[in-house]
Amino acid sequence: MLGTALAIKMIVYVGVAPIVGGLANLLPRRAFLVSMDLTRAAVALALPFVDQAWQVYLLIFVLQSASAAFTPTFQATIPDVLPDEAPSTPVRCPCPGWPTTWRALSARSWRRRY
C-alpha cells in the first residue's frame, strides 16, 4: 500500500506540475495559491476518516495534484515579491580571530595538545 501511494505521488507530481505550471499564468496567482492551499488542507483533514485503500489513493492523487499546481506558481511569485538585489559585495569574516579559532578547534591540533 505504501509503495503504491508513493508511486501515485511521484507520477502525479511529474505529470501534473508542467501542465498546471503553464496554465497557472492565465489565472490570478493569489486566488490560485489560496485555492490550492485550501484544497491541500481539506484533503489533509479528510485523511483520518478514510477506511478503504482506494480512498487513500484518491486523496493522495488530489493532494499531490494540488501540491504540483502550488509549487511552480509559488516559485514564480517569489521574484515578483522580492526587491531587486544590490550589487554583490565580498563576504568578510564576522570575527577577526576566526582563522585562529578554527585552527585551535581542528582535530589535528587537538590531538597534539592532549
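Bear in mind that the values in this text are calculations on the coordinates, not laboratory data. Because the structure is predicted, anything quoted here is derived from the model rather than measured. Cβ atoms come from the backbone with ideal geometry, glycine included; neighbour counts cover every protein chain shown.
Over the alpha carbons of the range 1-48, what is the largest minus smallest coordinate on each principal axis, giving the biggest first in Å?
37, 24, 7
What is the distance, in nm, between label points placed 7 Å from the Cα along the Cα-to-Cβ direction at Ala42 and at Leu2?
3.0 nm
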